[in-house]
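Trainee: Starting off with a structure, shown below.
What follows draws every value from the coordinates through simple rules; no lab data is involved. Everything quoted here is computed from the prediction, not taken from an experiment. All Cβ positions, even for glycine, are placed from backbone atoms using ideal geometry, and neighbour counts span all protein chains on display.
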Amino acid sequence: MTDKQERNGQFLFDLLELNIQLLKDSGIEEEKAFEMALATCQTLAGRYAGLQFYFPKGKKLLSIINQSKVFQECNGRNIDELAIKYGYSAVHIYRMLNKEHKQRQGDMFDKNQPSLLDI
């Protein structure tokens, strides 16, 4: 077995162990946690088998999730509270809210969207 094959096998084994532990920590019994974790690993291995890819740290994903959470938790009067909770400045919270609002609203002037006059 080559060093690369050993690392790849270790990656799947680590992924399996991590998933089992996360599921158990969520209250799922060990046997069911193992089955679910194994199914996840098999699905990922089947989908990405043979591909080489960089495994990101997840900063962008965390940022997107936090932006959505901030938007959901904001009541217009708790900006400072949210800034402290998520470790951002109040100005950054406002930027996140603005960005999330635009994404949820969509582009009102999207050229691909049919005009009401065309209907």
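Trainee: For segment 59-105, what is one quarter of the convex hull surface built on the Cα atoms, given in nm²? Before the final figure, lay out each step's value.
Mentor: On the way: hull surface 12.1 nm².
It is 3.0 nm².
Trainee: Same structure, new question: Would you mind working out the magnitude of the charge dipole of segment 27-80 relative to its Cα centre, with +1 at each Lys and Arg C-beta and -1 at each Asp and Glu C-beta, to the nearest 20 Debye?
Mentor: Computed about the Cα centre, the dipole is about 440 debye.
Trainee: Looking at segment 1-70, which chymotrypsin sites (Phe, Trp or Tyr not before Pro) are in a loop (DSSP not H, G, I, E or B) and have at most 14 other Cβ atoms within 10 Å?
Mentor: PHE53, TYR54
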